[in-house]
Structures are given as structure tokens and as C-alpha cells.
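The values are calculated or read from the model by the stated rules, or taken from the named source; none is laboratory data. Quantities reported herein were computed from a predicted structural model and do not represent experimental measurements. Glycine also receives a Cβ, built like all others from the backbone with ideal geometry; neighbour counts cover every protein chain displayed. Surface accessibility is based on the protein's heavy atoms, side chains included, excluding ligands, DNA and RNA. Shrake-Rupley method; radii C 1.70, N 1.55, O 1.52, S 1.80 Å.
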Amino acid sequence: LRCWNALKRSDRAPTISLAQAVESMQRFKKDSSFVVRELKAFFNKYPVECGANGINDLLESLAKRLDSDLVEQVIEMMPSMGLKPDQRTYEILLTMQFTTRNFTEVRTLLSTMQSRGISLTTRSTIVAVKAALKTGSFEEATRHFSQLKALWSGLSDGATPSTAPRHIVTQLVELACREHQLGEFLPLLEGVPVSEDAVSSMLSECIRRKDPALTSKVEKLVREQGHQLSDATYTLLVKSASNDPGRVQQLFDEVVAKGAMLSADFALALLAFCTQTRSMKLADSLFEHMKPKQIPVLSAFIRFYADSEQNDKACDVYEKHLQCLRMSGTAKGDGQPLQQAVCLDARIERSLMSAALRCGRHDLAKNFLDASPSDVAKHITMIRNCAASGNLIGAMKVFETLKSSGTEVNSVVYNTVLDACVECRDLPAAEAWMAQTKSIGLVDVVSYNTLIKAHLQNLNFAKARSLMEEMRSEGLQPNRVTFNELVNGLVTRGSPAQRAEIWGIIKEMKAAGVKPNQVTCSILLKSLNAHSNEVDLSIVTYNTLLDACARCGRMDKAPEIVTEMKSQGIQPNLITYSTMVKGHCQAGDIERGFAMLEEMKNETRLKPDEIMYNSLLDGCAQNNLVDEGLGLLRRMEEEGVAPSNFTLSLLVKLMNRCRKLDSAFSLVQEISAKYRFSPNVHVYSNLIQACVANRQLQRGMTTFSNMLEERVRPESRTYAILVRASITQNQCDQAAGLIRGALGLPGAQPYISEQKTSLAAINDLDYNLIAETLQGLADKGRVQDLAVPLMSDIKRLQPGLRLDTGLQRRVMSAGLATEAGGVQMTHQKSEHSSYGGSPAFGGRPSNGGNRQNQNRFGNSNNRSDNRSWRS
């Protein structure tokens, strides 16, 4: 510093480093105001040194030490010296703010540069890209990355996109996949080398989206860059081509031609494809080329061959490969002892045992059975296989073997033997076995269903009906299987007069509170198809059939029904097309859904209604097709179809899936104002779900408060979303307050205002949510101050809501464990000895925290429209 003071007296400008001089002052504890005064005096005496380069050198030194306070004061000093921040100045500032994770200031600096017409340097642009990645802003990241590529193309120093930091490119790819914008981002990757991690991310996104066209673009990009495809890349390409057998064969041939060692992951992916397409030839080629020694791969081959009824091959793989590995000690395990590594899991072992029985290798099946004489599952498998081969005596012997081993034989085993009697068409044996099962008290609904099936096979419908009455007298209620067996028997074996009873049985089924399922619908479809000449079919009948196809996920039957419908001179109406659109969208085939819409518009004079548009919007939401969804909304409005609350809830769901939370709120505000209706509980619940999914729980709570202000009563799902998110984010007071509000208990403030407590209370709060909350509070160490008082108030003020004693015991046990661990409690241990009358139940949860100011997203003062959704 003395040297510094001596230099200031010199008439000539000293050739020193200002950055080093400032660092020396700071080392001697000189504050920022002292440093700034010295710098001003220095520049006033030596104006020639007052240049941008010197200032930038000083700023760069300060920025590296993250001295933002002094940097700010130097920047404020620059105008007095006639200087303005230039490209390098902003580059230094951006780098410093990014290093300190002040991304808001990074955005501000970038806006200032844009308004002042200062272009970004390469380094500044990289910082801008990285800041956008950190904040998850895909649009900003791609914009700055485009600028970065433009800068590289204009440089003459040899810098090209190939010099881009690979980790940045990988992060950009991952962000594009998270935002479901990979298709839009791919063109920017031309000429930019991508890492293997980036390739894996892109192909994984293609698999999730089930988009073969996008997969082809990614593969083309990778191959054009001269990448050597790795085993992991080939594995993902196989998974993405699951619906293209020719392409999978090409990939396999390519890998074989390279002579590369096939990994277990690749083999398992290829076997999964073979299982899906029943491609035995490809599986055989894989086994022959690979000659696997990995236990998981050999197990997968055994399961594939067993499921494909190639029983000899399944047994050969086990005996000639797995057992040989075990004997030779060359198995490629995961560090486990070889004896353990070769052990098959129970499911594959049962499949192998079944395969051995079916192909006559009884010794192998017996070896599995002898290895675990008390294994009930294996004995059940053996009984079923004996029944399948018509060997009822063998099935009985297996049962006796299990019983003699001392294992407790339950109703499942008895029912398996009963089913074996029915399978072997031995009705007297079945009735005798049923009587034996009854005598030991193990008869159940399954037992009766099995015997009913036997009588239906013998066309004894009266006996089957009498067994149903016998079931009821035994206190057992017929279930779906009972009714489906009876209906199926009448459909397949009944006379026309007996088939007339089918719809009476369906009515009886509904009256018993048993809802028809997919099997019921399939049986009825079969009935109408087989006996359509006996029934006068109408448009209603055909539409009902199409609805059954949609509900059962069997839209492959729809074209056949429509063809027959037209052959009968019945033209499809709006309900027909709407049902088919809904079915295709529910099945995930959104393209076919849009095709049906176009077909209806081109071939008929029908106009799509709100229900059809909503079905398509739901399909767009399921497949993350935000542009197509918004296009549908515009088309819907252009054709004069007004959106409803159901439409709005689907749009919110779509925006949530695509991580566009602000867009979701904007759509709700715009559409509800434009069409003069108030969002209902389902729209609000979806908005809250979107907030939670985007990690903005506080915004979700604000939306919940707005909901109450608009006098919209929450539903159980609303509370479930908020409570679970609150516990996950350690906001236990908030979770307890919400549960109190939902149950109408005191202590819900400040999370629910006192004026809205009656509106917030609901009658159908899910009991599982209450139990989950109490357990969650206990797990978070909030037993005494939150969980116990909440349980006490529920028991005292909600006597109709009975808390499971096991739940109470678990909560109290968690409290005792916390106390034993040395955590200070507010009550003594003796208070935990019993639940009734314990002083611990008299407490109240703390009501800390202030309610933040909340803004409603809508300007409408109308009351909420609580009409139910259209389904």
C-alpha cells in the first residue's frame, strides 16, 4: 500500500495491475468504499488509464472472487468516467451471476443487452444456455443455442458446433425430452456431435411416445454423424421398433454382422419382442448366435419357450445349459455363489415344471417337486398339469403327497383338485370332492363356481341355478364369475328358449350389485354375433356393441360391426362415430381417432359435438400432443361448439402433461371468461394437480383458497393431492390443517379461513387418506404435536369415523420410538399406555405461518358451476 501511495505522487502513469492493487487493499481489510475512492482518484489523475480494457480486467478479477458488491460499485462508477459496459463487461457479469446461481439477474442482464443492441459473445451465449437449462426454460435454451450455432458458423478461428461442450448438448436433449419437444429440437442438432447419453435419452423418449417416425429421425441423425452404435443404442432401437418385425430383424442382422458380443440387455429386449410377435425363428437365431451363459438370459429363454408351448426346447435350455453351467462353475452371475445364481424364480420354475409334464419329462417335473415338498404353488401347478392331460388319479396322488408332508392345505388346493375333476369330465368325482370340501368347512364361492361350470358342461342348467340358490343359503353371494359362467353356458349350449333368459340374468346380476365386466360384454357380443338372425338389430343395438368394444379395449372388432351395420341398411349416426373415436383414443390410437373424425366429416353431414371433441382432447392429453390439442380447441370454437368445464379440465390435464403450468391457468381464465361459466371442482383439482406436479405447492394452495373464495366445494381428490404433497415436502402442519378442514374439525387455520370452514368440509373424505396422513405425520416425527391431537379430535368430534386400532397402535409406536431416541416430548411416557382417557389426546396442533396474499385467476363473480362431468 505504501508503494501504491508513492506511485500516486508520480506524474507518469504507473504500469501496474489494478486488479492486483485492489486485491492487496482487500487483503488489508480495506472496505469497498475505500477501494472505490482510490480507483476514482487514480483515474482522475491518469485519464489515459481510464479505458474499457483496464476496467474489464479489474471486473474479471473481482468476478472470479464473486465480489458482487464491489463489481456493482465499479459498474456504477463507469458512466462518470465516460465508459459504458461492452460485450466483455456483460460476459463477466453473466458468468458471475450464473456462478452465484442468480438466474433472475442473468435474465435481466440478457434483456438489457438486447435492449441496448449489444450482441452476445460465444462465452455469454453458453452461459445463457446453461442458465436456461438450470431454470428449465426450453424456449430460452433453444433460442440461445440457435444463436450459439450462428456464432460458430461466423467464426474464422476454426470453432464449429463440433466444439460445443457435450454436457450442454446432453442437458439440452434431456430438457427437450422432458418438455416433449424432441421433434422440434432435432433440427438444431445437425452438425452437433451428441453423446451416447443424449442418444439414449432421445430413443427413450421415442419409446415413451411410441413414435416410429421420430425414432427414424433420431437414428438418421446418429448415423450421419458417424457414430458407432453401442449395444445400449441397439437395445433401445429394438424396443422402439416393437411393431415393425422387419426392422427388428434388420437390427439383429446388423449386430450379428459386426461380430459384436451381445449383451444381456439386448438379448432380453429381443426376447420381449419375440414374445410379443411369437417370432420363434428370431428367438432360435438369437440363441444359436449368442450361446448365452448369463442366468437372466437363460431364464428368459426358458420362459419364452414354455409360454410358446415349445416344451422340449424349454427343458433342453434348462438341462443342457443351466444345469451344465452349475456343474462347470462358469455361470456369469452377479457375484453370488454359483449355487444361488442358478436358482430360478418361482414363476419360471412352475412354467418349466408345466413344460416338463406336457412333453413327458416326468422325472424333471418330479425333481422340482421333490426339491420343495411343502411348496403349495408347485403342487398346484402339478395338479393342473395332470388335469390338463386327463390324469385325475395323478392329480389326486399329488394332493395326497402335499397333505402327507404336513403342510396346511387351504381352500385353494381343494378348489384346484375340484377343478381337475371338472377338467377330466368326472362329475361324480367332482360332487364327491365338493361334499368332502364342505365337510371340512373349506367351501367358498370358487368351489361353487367350479361345480356350476361342470353342470353347465353337461347341459344341466336347472342344477346350475339350484347351486346358485344353495350358495346364497350358505351365506355366499354369486360374483361376476358365477353370472358370466351361467350366461356363457346359455349362449354356447342353450336352446333359443333358454337364451331368452340371458337378459333376465343380466338384470339379476345388476340387482345383486354385481357390475358386468369385459368378459360379460364379450359373451353378449358373441351371443349377438352367433344368433343375429334371431334378433331384430337397431342402431341402438349396434351402438351398444361398439360401446362394449370401446370399454373392453377391443376396437379391432369395430370395423366388422360397422360393416354389418351398413349391410343391414343402418347408417352410423353421431353416437356411432363418437363412440368409435372414444374407443380409439382410450386404446392410445389417437391417429385413428382423428381419422374417424375426418371420415365422418367427409362421408356424412354430421357435425362433431362436444363429447367427440372431448374424447379427442383426452387422447391428446394421454399422448402429450399439446399442439394438436390446442388445434382441436380452435377448431371446436370455429365450428360453434362451446367448451364446457369438462373440456377445460382436459385442457388443464394436457398442459400439465407438457409442463406448461402458466398456459393452464391462462386457458382457464380466458375460456371461463369468454363463455361465461365458472370453473368447477374438477377444473380446480386438475389445476392443483398441475401445480404439485410442477413443484409449486404454494401456488396449489393459493388455487385452493381461490376455489373456496369462488364457493366451490372441494372433493376428496383435491385434499388427497394437497395433503400428500404437503407431507412429501415436510409441510406437516399444512397437511394436518387440511385434513382438519376436510373433516370440519377445529384448527384448520391459517390454511383454511374461518369463514370458509363450512364450505371446506366434505362428507366423503377417503378414509385411506386419513390413515395415510396420520402415518405420515408419525413417520415425520410429528406424533405428539400433530398426529395424536388429530386422532383425539377425530374420535371426539367424528364418532362415526372409526379409526383402525392397528393404525392407532402404529402411530403411538412411532411416538414411543421417537421418545426412546432422545427426542424431547411434550407428554410423559405413561400417557402412551392406553388410548382411552389419555391427556395426549387433548392437544391442538400449532397454527404457525401466515397466509400469503392470493389472487384469483378469473374476473367472473359468478358462483361455481358444480354440474357433474359428462362422461
### Message
Counting each pair of different Cα atoms once, what's the Kirkwood radius of the chain in Å, rounded to one decimal?
### Response
34.9
## Note on the structure
So the angle from the long Cα axis of helix 645-657 to the longest Cα principal axis of the chain, reported in degrees to the nearest 10, equals 70
### Whole-number Å³ per residue for the convex hull built on Cα positions in the range 723-780
70
### Query
When the Kirkwood radius is taken over all Cα pairs of the range 64-135, what Stokes-Einstein diffusion coefficient follows at 25 °C and 0.890 mPa s, in µm²/s?
196
### Message
As an exercise, find the ratio Rg/Rh for the range 630-672 from alpha-carbon atoms, using the Kirkwood inverse-distance average for Rh.
### Response
0.96
### Query
Dividing the alpha-carbon radius of gyration of the range 470-600 by 2.2 N^0.38 Å (N being the number of residues), what value is obtained?
1.19
### Task
Measure nothing fancy, just the Cα-based angle from helix 732-743's long axis to the longest principal axis of the chain, in degrees from 0 to 90, nearest 10.
50
### Query
Accessible area per residue, 1.4 Å probe, Å², for the chain: what's the number?
50
### Task
Using packing as a proxy for protection, rank 211-221, 501-511 so that the peptide with the highest average count of other Cβ atoms within 10 Å comes first.
211-221, 501-511
#### Entry: Whole-number D in µm²/s for the range 166-228 (Stokes-Einstein; Kirkwood sum over Cα pairs; 25 °C, 0.890 mPa s)
216
### Summary
dims of the range 669-799, Cα set, principal axes, largest to smallest, nearest Å -> 50, 30, 24
### Query
Taking a temperature of 20 °C and a viscosity of 1.002 mPa s, what whole-number D in µm²/s does Stokes-Einstein yield for the range 232-330 with Rh from Kirkwood over alpha carbon pairs?
156
### Query
Roughly how much of Arg499 is accessible, in Å² to the nearest 10, using a 1.4 Å probe?
40
### Query
Any idea which of Val194, Phe399, Pro245 is furthest toward the positive side of the dipole for the chain, if Lys and Arg beta-carbons carry +1 and Asp and Glu beta-carbons -1?
Val194
### Task
Determine the shape class of the range 600-709: with a ≥ b ≥ c the square roots of the Cα gyration tensor eigenvalues, call it rounded for a/c under 1.5, and otherwise prolate if a/b is greater than b/c, oblate otherwise.
prolate
### Query
Which loop-located trypsin sites (Lys or Arg not before Pro) does the range 59-103 contain, where loop means any DSSP state but H, G, I, E or B and the Cβ has at most 15 other Cβ atoms within 10 Å?
Arg65, Arg101
### Query
Against the longest alpha carbon principal axis of the chain, how many degrees, from 0 to 90 and to the nearest 10, is the axis of helix 767-779 turned?
50
### Rounded percent of accessible protein surface that carbon and sulfur make up, the chain, 1.4 Å probe
48
### For the range 430-514: rounded, prolate or oblate by the Cα gyration tensor [a/c cutoff 1.5]
oblate
### Query
Which of rounded, prolate, oblate describes the range 381-498, given a ≥ b ≥ c as roots of the alpha-carbon gyration tensor eigenvalues and a/c under 1.5 marking rounded, otherwise prolate only if a/b is larger than b/c?
oblate
